[in-house]
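A.B. asks: Starting off with a structure, shown below.
Read-outs: derived from the displayed coordinates by stated rules, not from any lab. Bear in mind the structure is a predicted one, so any value in this text is a computation, not a measurement. Backbone-built Cβ (ideal geometry, glycine too); neighbour counts: all protein chains shown.
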Amino acid sequence: MKHNLIAGSLLMATMLLGGCAMMDDRVSGAAEECITRGIPTMVDDECLLPTWVAFGRSAQTGTQQWRDEVLQYMSSETPRGGLARAVVFSQDDAEHWPRGLALFKRYTPQAPESIQPLLQQWQRDLERRIEIQSRLQTRLDAQHNRSNQGSSRQRQQIQSLEQENAELKEKLDALTAIEESMNARQTP
C-alpha cells in the first residue's frame with residue numbers, strides 16, 4: 001500500500017513537472033495501461049489520476065470547438081460532468097472562470113479521494129487567476145476613470161477658454177467701435 005502511494009505520488013509529480021506531455025494516449029499504470037484520451041471516468045483505480053491530468057492538459061491545449069463539444073457532452077449534473085466542465089471552464093476565457101470555480105467547489109468533495117488533491121490544486125490556481133484578473137480589472141477601471149476625469153477637466157478648461165475668448169472678442173469689438181467712433185468725430 002505504501003509502495004503504491006509513493007509510486008502514485010512520483011507519477012503525479014513527474015507528470016505535473018513534465019508538463020503532462022505524453023507521446024502516446026496511454027500511460028503505464030501499476031496493473032494496466034491507462035487510456036489518457038477523452039473524458040475521464042470517476043472509477044477509482046490506477047488510471048484515475050493520469051487520465052484526469054491528461055484531460056486537464058487537453059483542456060489547456062484544446063481548441064474552442066473541443067471545449068464546446070465537451071461542455072455539450074458533459075452537461076449532466078453528476079460529479080464527473082461537473083468536474084469535466086469545471087476543468088474546461090478553468091481553461092477557457094476569464095469570463096467563464098467563476099462558473100468553473102463554482103463547479104470545482106461543488107463537485108470536488110464528491111470526487112474520489114485519489115484525485116481530490118489535483119482538483120483542489122486546479123481550484124486554487126483558478127482562484128488565484130480570478131483574483132489577479134479582478135485586481136487587473138480594478139486597475140484598468142481606475143485608470144479609465146482617471147483618464148475620463150482628465151478628459152472632463154480638459155473639456156471644462158476648453159469651454160472656459162472658449163468663453164473667455166468670446167468675452168475678449170466682445171470687448172475688442174467694443175473697443176474697435178469706440179475707436180472708430182472717435183476717429184469719425186475727429187475727421188472734419
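A.B. asks: At 0.36 nm per residue, minus the direct Cα-Cα distance, what do residue 45 and residue 181 gain on full extension? Give it in nm, one decimal, please.
C.D. replies: Gain on stretching residue 45 to residue 181: 38.3 nm.
A.B. asks: Could you tell me which of 96, 151, 81 has its Cα farthest along the dipole of segment 73-188 towards the positive end, charges placed at Cβ (Lys, Arg +1; Asp, Glu -1), taken about the Cα centre?
C.D. replies: Toward the positive end, the furthest listed residue is 81.
A.B. asks: So, R0 is 35 Å and r is the distance between the beta-carbons of residue 134 and residue 114; what FRET efficiency does that work out to, to 0.05?
C.D. replies: Details: r = 32 Å, r/R0 = 0.92.
After rounding, the FRET efficiency stands at 0.60.
A.B. asks: Between residue 93 and residue 141, what is the label-to-label distance in nm when each label sits 7 Å out along the Cα-to-Cβ direction?
C.D. replies: Between residue 93 and residue 141, the simple spin-label model gives 1.9 nm.
A.B. asks: Enter the Cα centre distance for the pair segment 132-157 and segment 58-100, rounded to the nearest angstrom.
C.D. replies: Result: 34 Å between the Cα centres.
A.B. asks: Another question about this same structure. So for the pair residue 65, residue 162, with labels modelled 7 Å out along Cα→Cβ, what separation do we get in nm?
C.D. replies: Calculated label separation equals 5.3 nm.
A.B. asks: Scaled to the compact-protein estimate 2.2 N^0.38 Å, what is the alpha-carbon radius of gyration of segment 47-137, rounded to two decimal places?
C.D. replies: On the way: Rg = 12.4 Å, N = 91, 2.2 N^0.38 = 12.2 Å.
In units of the 2.2 N^0.38 Å rule of thumb, it is 1.01.
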